[in-house]
Structure formats: C-alpha cells, structure tokens
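Written below as structure tokens is the structure these notes are about.
The values are calculated or read from the model by the stated rules, or taken from the named source; none is laboratory data. The shown structure was predicted, so the numbers you read here are calculated from the model rather than taken from an experiment. Cβ: placed from backbone, ideal geometry, glycine included. Neighbour counts: every protein chain shown.
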C-alpha cells in the first residue's frame, strides 16, 4: 500500500509539472515514465516514442579537468520505435534514427567547450556516417618523464568525418575516418625539457582505415556479445597538419552472462604510435580512478574486467578492476610502471526495453578516489 501511495503522489506532482493535474495528465505520465510490468520508474516509452529535440543534462566528474556540468540538445529524425517498425516492415536489419546534437560544458578548473555532430544510417544500416566539430579550451597537467605535473592550457578546434559500410550481412563494418585537430598550448611556467617549441602550435590531420565488429545485444548496457574496433592511421602535413606520425588504435569489449543474475565483461585497449606525436596526443592509460593524461607514453595498453550482479530486476551491484602500462623508447615495457585501479558501483535499470542502466561508480587509482556518474556502459 505504501509503495502504491508513493507512486500516486509522484504521478500527481509530475502531472502538475507537465501542465495539468487531471486524470488524463496523470495517466499520460504513467504511460510514458512508469513500466507497465513492475510499476517502477522507467524511461523506455519516453525514449522509444520521442521524436524531435530532446534536452539532456551533462555532469562531468573527470579528475583531469575537475567537476563540471553542461547541457546537450539532441535531435531525433524519427522515434526509435518508428525506426524499428520501418526496418521490420522492409525486412532490414534493425536501425536507429538519425541523431544530431549540440553540447556545451564548463568545469571547475576553467575548462570549457562546445561541440556539435550528426550520425546517420542508409539502406537499413548498410552504411553509417558521422560528422562532428568542436572547440574546447582545456586546463590540464602534463606529467612527462619525471612524473611532475606541469599545468598547461590547450585550445583545440577539431573536426571529425567518418563513413562505414557493412560487409555483406555480417556484424563487420569497414570504412575511413578523418580527424583534424588544431592546437595552441601554453604552459604556466617553464616548458618541460622534452617538449619542443613547435609542439605548442601544432596541427594534426589524420586519415585512418577503420574496421568495426559489433555483436552486442544492445549498445547501452550489454549483457552479451562483443565489440571490436581497429583504427590504423597516418597523420601527414598534406592532410591539413604540420606533424607526421603513424598510429594504431585497437579496443575490444566482451560480455558474457553468468547464470541468470550476473554479467561479466572484459575490456582490452591498445594505442601504439611512431613518429612526431605532439605531447598532448601521446597515448595514455584510461581507467576509472586514473586522471586523463596522468600516465603517457608512445604506447599504452589497458586490461579491465567488470562484474554486474542483479539484486532484483531493477537494481544491480558492479565491481571492476583493471591495470595498464604506458611505455616507449625512454621507458621500455618491462620497466614501465603497472598502474592499477578498481572500485564498485550501483546501477538502476532505467530503460528496460532499451537495455539501459544508469548509476554511480566509486573508483580508486594510485593517487585519487573518484566518483563517476554512468549512463549506459562505462566502456565506449
């Protein structure tokens, strides 16, 4: 009785916020935000039926730039449910609507930025395309070879364009990606000895061959399947930059159910470079609990695992742990420090029909304890 009474109170309050307190408004809210199976809060119907503009808050907890907030405005060309129905009617692979977006953010250390992008598919998800642009001003620390922080400001306009084509009827896609990054870096104090003056005013123009594989059961919070991306590229002056280097980026996620209540996931990530890589673009260890750019090298590898255990149909506990190394010519792999981090979290199944969980993680790295707010998987 108490749970039913609470739901009725929340229904009435939210109906008022929606512009009416009558039974029709209350029923409309229940249909959109309450699951018909268990009567709990659920955003499935709202997200599946939404078309047009959708405002989304952004909360930032990355320790490299400090706590922050922002907002995004997403645009859906049609509802997710509508796109699914069209795909099924045509006998095509299930696809999502075209999605565009604008976003802006600001953090406690003065970092800020704006970005926009558009993602679309063609011919029943046989082709995918993505385009984006951003302009960010970041205040970061460069630790270098000695591990001593040097604060610098980085102004970085960026462009991205990508096109992928499906290989037959498989889960593999092949295509190309172009990235442009124009940067101006300013150190608060003396320039670290290993950084050259040209690196402070540098441009990267990079083209790469991209191979994707995606057999996950959903893109938000997978319970089974595998995602793989391999990106082999080259940055050259004739591509719009003023620096020259080669790079290979590879990452893979695999999810497997353990009985009916648990899911285990594995992640592997490797970044390898050769040539004149600007200091801010060197690979770094990416783990929850480790600030971005804290451990950099010409190469970086990471392995991480995560266990999600369902307490009931909505709530679950998460535990995770990982380790990585950043290394290169100055510090070979065998001598590089092994950086480990781990933690635990709590999840709520916020959109049952989409497989989306949201929650909070508390991670401990070598120097910091960090809190992260998660929407969907922590791996992307």
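For (1) within 29 Å of residue 355 (Cβ to Cβ); (2) within 25 Å of the chain's Cα centre (by Cα), each residue gets a yes or a no:
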position: 241; (1), (2): no, no
position: 246; (1), (2): no, yes
position: 249; (1), (2): yes, yes
position: 255; (1), (2): yes, yes
position: 261; (1), (2): yes, no
position: 264; (1), (2): yes, yes
position: 276; (1), (2): no, no
position: 281; (1), (2): no, yes
position: 284; (1), (2): no, yes
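Given the options 125, 171, 141, name the one that is touching a strand residue (DSSP E or B) at 6+ places or on another chain (Cβ under 6 Å), under 29 Å from residue 50 (Cβ atoms), touching a residue at least 40 places away in the same chain (Cβ under 8 Å) and in the same structural domain as residue 337 (by TED's automatic domain parsing).
Values: 125 fails: touching a strand residue (DSSP E or B) at 6+ places or on another chain (Cβ under 6 Å); 141 fails: under 29 Å from residue 50 (Cβ atoms).
Of 125, 171, 141, the one residue that is touching a strand residue (DSSP E or B) at 6+ places or on another chain (Cβ under 6 Å), under 29 Å from residue 50 (Cβ atoms), touching a residue at least 40 places away in the same chain (Cβ under 8 Å) and in the same structural domain as residue 337 (by TED's automatic domain parsing) is 171.
Give the residue that is modelled with the lowest pLDDT, with candidates limited to residues of the stretch 355-369 that are outside any loop (DSSP other than H, G, I, E, B) and crowded, with 19+ Cβ neighbours inside 10 Å.
Top of the filtered list is 356.
Could you please give the count of residues in the stretch 178-198 that are crowded, with 18+ Cβ neighbours inside 10 Å and within 21 Å of residue 113 (Cβ to Cβ)?
Filtering the stretch 178-198 for residues crowded, with 18+ Cβ neighbours inside 10 Å gives 179-183, 185, 195.
Adding the requirement that they be within 21 Å of residue 113 (Cβ to Cβ) leaves 179-183, 185.
Residues that pass the stated criteria total 6.
(1) in contact with a strand residue (DSSP E or B) (Cβ under 6 Å, 6 or more places away or on another chain); (2) assigned to a loop (DSSP other than H, G, I, E, B); (3) within 26 Å of residue 70 (Cβ to Cβ): which one isn't true of residue 349, the others all being true?
Checking residue 349 against (1) in contact with a strand residue (DSSP E or B) (Cβ under 6 Å, 6 or more places away or on another chain); (2) assigned to a loop (DSSP other than H, G, I, E, B); (3) within 26 Å of residue 70 (Cβ to Cβ), the one that fails is (2).
Looking at this structure, is residue 56 within 24 Å of residue 374 (Cβ to Cβ), buried (at least 16 other Cβ atoms within 10 Å of the Cβ), modelled with pLDDT of 90 or more and not assigned by TED's automatic domain parsing to the domain that holds residue 213? Lay out the reasoning, then the answer.
Numbers: within 24 Å of residue 374 (Cβ to Cβ): yes; buried (at least 16 other Cβ atoms within 10 Å of the Cβ): no; modelled with pLDDT of 90 or more: yes; not assigned by TED's automatic domain parsing to the domain that holds residue 213: yes.
In short, no.
Being surrounded by fewer than 19 Cβ atoms within 10 Å (Cβ to Cβ) and either over 22 Å from residue 279 (Cα atoms) or more than 27 Å from the chain's Cα centre (by Cα) (or both) is the filter here; which residues of the stretch 322-337 pass it?
Filtering the stretch 322-337 down to residues surrounded by fewer than 19 Cβ atoms within 10 Å (Cβ to Cβ) leaves 323, 329-335, 337.
Of everything in the stretch 322-337, those that are surrounded by fewer than 19 Cβ atoms within 10 Å (Cβ to Cβ) and either over 22 Å from residue 279 (Cα atoms) or more than 27 Å from the chain's Cα centre (by Cα) (or both) turn out to be 323, 329, 330, 331, 332, 333, 334, 335.
Assuming residue 45 fulfils every condition listed in (1) more than 21 Å from the chain's Cα centre (by Cα); (2) within 30 Å of residue 156 (Cα to Cα); (3) surrounded by 15 or more Cβ atoms within 10 Å (Cβ to Cβ) apart from one, which condition is it?
Among (1) more than 21 Å from the chain's Cα centre (by Cα); (2) within 30 Å of residue 156 (Cα to Cα); (3) surrounded by 15 or more Cβ atoms within 10 Å (Cβ to Cβ), residue 45 violates only (2).
Determine whether residue 206 is assigned to a strand (DSSP E or B) and touching a helix residue (DSSP H, G or I) at 6+ places or on another chain (Cβ under 9 Å).
On the way: assigned to a strand (DSSP E or B): yes; touching a helix residue (DSSP H, G or I) at 6+ places or on another chain (Cβ under 9 Å): yes.
It is true that residue 206 is assigned to a strand (DSSP E or B) and touching a helix residue (DSSP H, G or I) at 6+ places or on another chain (Cβ under 9 Å).
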